[in-house]
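Remarks on the structure that follows.
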Amino acid sequence: MGSDTPPGLWRGGPPRLLFQPPHHFLALGLCSHVRSSYYFWGLRPSPGGSLGSARCPEGSHQQCPVQALEVLTAAVEYGLTDLRKLCVDFISRTLTVDMACEALQAAVTYGQNDLRQRCLAFIELHTEEILKTQGFRELSDLGIVSILQSDGLTIDEVPLIQAVREWACVSSVVLDVPVSVVAQDAVRELRLVLLSPDELTTLERENAKDDLIPEIQIVQAWKFHALKKVSDSHAHHFQQRKGTLLREHHHYLDTPTK
């Protein structure tokens with residue numbers, strides 16, 4: 001080593017850093033990044049001093065940095081549990097309309113159920129805005145399904161179906177597969193019985209153009225209108241969502257509105 005080597009790193013002390021596993025360096029760097037991000041984005045620790053329970057200042061609207069999602073990816077890949085928890089907390093507390101679907105996709109991809117639940121709760125509060133974002137159009141089918149399974153969406157079924165159609169068209173082009181194939185899992189979560197007869201007729205006309213929804217689902221919706229009876233095997237399809245607009249036939253639904 002040259003004479004200009006800093007004392008204590010090579011000459012004046014044991015070179016401890018040289019013998020640390022690479023993932024320790026990664027953990028140190030990523031953790032430092034996340035911790036500094038807390039302060040950069042205006043978050044502050046709780047009275048106990050734990051960054052894991054940081055909270056946003058009153059009235060602030062913070063933007064969730066894309067870098068935090070990248071850090072989460074690395075934390076999951078290298079099994080860095082504490083850093084993963086720190087990332088999940090940070091992302092959850094800095095969710096925005098534009099970033100919510102990207103965060104949800106990360107949660108679904110890496111099996112982070114706590115983050116998934118927090119993202120869904122945020123999406124339920126801001127459904128109409130979020131369904132218009134680029135992040136929604138870029139969700140995987142698993143991400144879309146997790147949203148459509150929610151009873152708490154603050155949107156009516158008609159615009160929700162339209163948003164799913166737009167998502168399927170984009171995904172069909174990207175993946176080079178038919179709309180009916182790319183959306184086959186997602187459309188199972190659409191609640192067609194919530195539509196009025198006139199709306200169902202309009203849906204049939206639109207569906208003839210792209211075959212987004214299997215014909216059997218539309219038939220089942222018509223069957224409900226004819227018999228006014230809820231099917232025990234698909235009870236959740238008869239559940240009104242939080243944002244469902246009231247229609248005359250809804251009083252035949254056995255399950256209460258949430």
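Values quoted throughout were computed directly from the atomic coordinates according to the rules given, and no laboratory measurement underlies them. Since we're looking at a predicted model, the values are computed, not measured. So basically every Cβ, Gly included, is an ideal-geometry build from the backbone, and we count neighbours across all protein chains shown.
Relative to the present Cα-Cα distance, how much length would full extension add between LEU227 and SER180 at 0.36 nm per residue of separation? Don't skip to the answer; put the middle values down first.
Numbers: separation 47, 0.36 × 47 = 16.92 nm, distance 2.82 nm.
Length difference between fully extended and current span is 14.1 nm.
Of VAL97, PHE136, VAL108, whose Cα points farthest to the positive end of the dipole of segment 72-159 (charges on the beta-carbon: +1 Lys, Arg; -1 Asp, Glu; origin at the Cα centre)?
VAL108
I'd like the distance separating the alpha-carbon centroids of segment 100-133 and segment 184-215, in whole Å.
That distance is 25 Å.
From the phi of every residue in segment 198-209, what ³J(HN,Hα) in whole Hz does the Karplus formula 6.51 cos²θ - 1.76 cosθ + 1.60 yield, where θ is phi - 60° and glycine or proline is x?
5, 5, 5, 5, 4, 4, 4, 5, 5, 5, 5, 7
In debye, nearest 20, what is the charge dipole magnitude of segment 105-179 about its Cα centre with +1 on Lys and Arg Cβ and -1 on Asp and Glu Cβ, if you could check? Provide the component values of the computation, followed by the final result.
Details: 5 positive and 11 negative charges, 36 e Å.
Magnitude of the dipole: close to 180 debye.
For segment 112-171, which trypsin sites (Lys or Arg not before Pro) are both in a DSSP coil and crowded by at most 16 other Cβ atoms within 10 Å?
Values: sites: ARG116, ARG118, LYS132, ARG137, ARG165; in loops: LYS132.
For trypsin sites (Lys or Arg not before Pro) across segment 112-171 that sit outside H, G, I, E and B with at most 16 neighbouring Cβ atoms in 10 Å, the list reads LYS132.
How far apart, in nm, are two points set 7 Å out from the Cα along the Cα-to-Cβ line at ASP98 and at ALA208?
Going from the ASP98 label point to the ALA208 one covers 4.2 nm.
Please go through segment 78-180 and write out the GluC sites (Glu not before Pro) that DSSP classes as loop and that have at most 16 other C-beta atoms within 10 Å. Provide the component values of the computation, followed by the final result.
Working: sites: GLU102, GLU124, GLU128, GLU129, GLU138, GLU157, GLU166; in loops: GLU138.
Qualifying residues, ordered by number: GLU138.
If each residue of separation counts as 0.36 nm, what is the full-extension length gain between VAL158 and ARG188 once their alpha-carbon separation is subtracted?
Numbers: separation 30, 0.36 × 30 = 10.80 nm, distance 1.50 nm.
Result for the pair: 9.3 nm of gain on full extension.
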